[in-house]
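Encoded as structure tokens, the structure appears first; notes follow it.
The values are calculated or read from the model by the stated rules, or taken from the named source; none is laboratory data. All of these numbers come straight from a predicted model, not from anything done at the bench. Glycine also receives a Cβ, built like all others from the backbone with ideal geometry; neighbour counts cover every protein chain displayed.
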Amino acid sequence: MARYTGPTTKIARKFGEAIFGPDKSFEKKKYPPGMHGNGKRRKQKSDYAVQLMEKQKAKYTYGVLERQFRNLFVKASSKSGVTGEVLLQFLEARLDNVVYRLGVSPTRRGSRQLVSHKHILVNGILTNIPSYHCKPGDVISVRNKSKNLEIVTNSIGARSKDVKKWNWLEWNPERQEGTFIVYPERENIPENINEQLIVELYSK
């Protein structure tokens, strides 16, 4: 399965929330997509359907494919702690997500592109793998040649206040670099995901 590159509003409407960030089109149509629109009567979902929907929501939110997601779940299962919480911590530790949280890009899709196009360094080393797993102490920075990119400067200027909300990250705007301090606690991860449903799905 290829990575989804289609309309984000349609997917957001499917889950009933703006999982890709602020979306004016979604605000106008918060009901699920379909030819009958908001008037269609929808059957009550089974437990399996609810669990599957939650997994899909997490995958779309973080831009992860099925095999990557399952591998992360297996890895999280082998660690001590609550499996669902560890899974979300691993998702938050992906390089593309950290670049997004640091405010270098306004969206995860944009941050993934910055990483893939070799604009990001990890500990001074050019890293173009969006799924790279950041570890506490890793320093993530914008490549010198890329610091004046309009998309980078505009995003940093607009989201400078947002970075302060993430207490597991530090950001130096002058040097355009941030530090991944520690894996975030569950209460500090803002995504509206019921990770226990995902654990129940994979545990069947």
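Taking ILE120 as the residue in question, decide whether it is free of Cβ contacts under 8 Å to residues at least 24 places away in the same chain, under 25 Å from PRO173 (Cβ atoms) and among the hydrophobic types (A, V, I, L, M, F, W, C).
no
Looking at the range 163-204, which of its residues are farther than 19 Å from ASP96 by Cα, among the polar types (S, T, N, Q) and either modelled with pLDDT of 95 or more or surrounded by 14 or more Cβ atoms within 10 Å (Cβ to Cβ) (or both)?
Residues satisfying the conditions are ASN194, GLN196.
Return yes or no: is GLY137 of a type in the set (Gly, Ala, Ser), surrounded by fewer than 12 Cβ atoms within 10 Å (Cβ to Cβ) and assigned to a helix (DSSP H, G or I)?
It is false that GLY137 is of a type in the set (Gly, Ala, Ser), surrounded by fewer than 12 Cβ atoms within 10 Å (Cβ to Cβ) and assigned to a helix (DSSP H, G or I).
In the range 161-177, how many residues are touching a Lys or Arg at 6+ places or on another chain (Cβ under 7 Å) and assigned to a strand (DSSP E or B)?
Final tally of qualifying residues: 1.
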